[in-house]
1. So what is the 222 nm mean residue ellipticity for the chain from helices alone, if each DSSP H run of at least 4 adds -39500 (n - 2.57) and you divide by all residues, rounding to the nearest 500 deg cm²/dmol?
2. Starting from 0.36 nm per residue, how many nanometres of slack lie between residue 92 and residue 120 once their C-alpha separation is accounted for?
3. At 7 Å along Cα-to-Cβ for each site, give me the label-to-label distance between residue 72 and residue 24 in nm.
4. Taking 0.36 nm per intervening residue step and subtracting the Cα-Cα distance, what contour gain separates residue 55 from residue 43 on full extension?
5. How big is the antiparallel share of DSSP beta bridges in the chain, given as a percent to the nearest 5?
6. Please give the peptides 49-58, 22-31, 73-82 ranked by average Cβ packing (other Cβ atoms within 10 Å per residue), highest first, as a rough proxy for protection.
7. Debye calculation, C-alpha points only, no solvent: report log10 I(q)/I(0) for region 3-119 at q = 0.17, 0.23 Å⁻¹, in the same order as the q values.
8. On a C-alpha basis, how far is the centre of region 8-84 from the centre of region 87-125 in Å? Whole number, if you could?
């Protein structure tokens with residue numbers, strides 16, 4: 001069973017994504033509410049994919065992604081970044097760090113599914 005880590009400081013967003021991902025994919029969903037918690041979880045037990053918010057209290061998704069990319073065992077970990085922030089600079093910075101996709105909030109779950117299917121093409125619905 002695959003594991004997805006959902007990182008967002010908004011509890012409602014984490015809950016909605018957890019419920020949809022569990023129902024749609026049958027995966028184990030781990031959650032983190034901030035950057036340091038996410039980094040600790042990723043380093044302790046790397047998930048198969050991360051869905052990461054760009055702007056959180058305490059640290060940004062870019063800071064988390066930079067740490068993940070610098071740590072050799074997780075340097076190729078697939079990450080989908082999401083953000084309510086507008087502007088090409090945010091998306092450009094995320095893409096430069098190798099995100100699979102950059103999704104704007106509110107998240108369109110069909111778009112999220114397509115992004116996940118880019119990483120795991122065997123999972124088509």
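1. Helix-only estimate at 222 nm: -13500 deg cm²/dmol.
2. Values: separation 28, 0.36 × 28 = 10.08 nm, distance 2.36 nm.
Residue separation times 0.36 nm, minus the Cα-Cα distance, leaves 7.7 nm.
3. Output for this residue pair reads 3.6 nm.
4. Details: separation 12, 0.36 × 12 = 4.32 nm, distance 2.07 nm.
Gain on extension, residue 55 to residue 43, equals 2.3 nm.
5. Values: 1 of 18 bridges.
Percent antiparallel among DSSP bridges in the chain is about 5.
6. On the way: 49-58: 21.2, 22-31: 15.2, 73-82: 18.7.
Descending mean neighbour count gives 49-58, 73-82, 22-31.
7. -0.75, -1.53
8. That distance is 13 Å.
Bear in mind that the values in this text are calculations on the coordinates, not laboratory data. Keep in mind that this is a model prediction, so the values were computed, not measured. Note: ideal-geometry Cβ built from the backbone for every residue, glycine included; neighbour counts use all protein chains shown.
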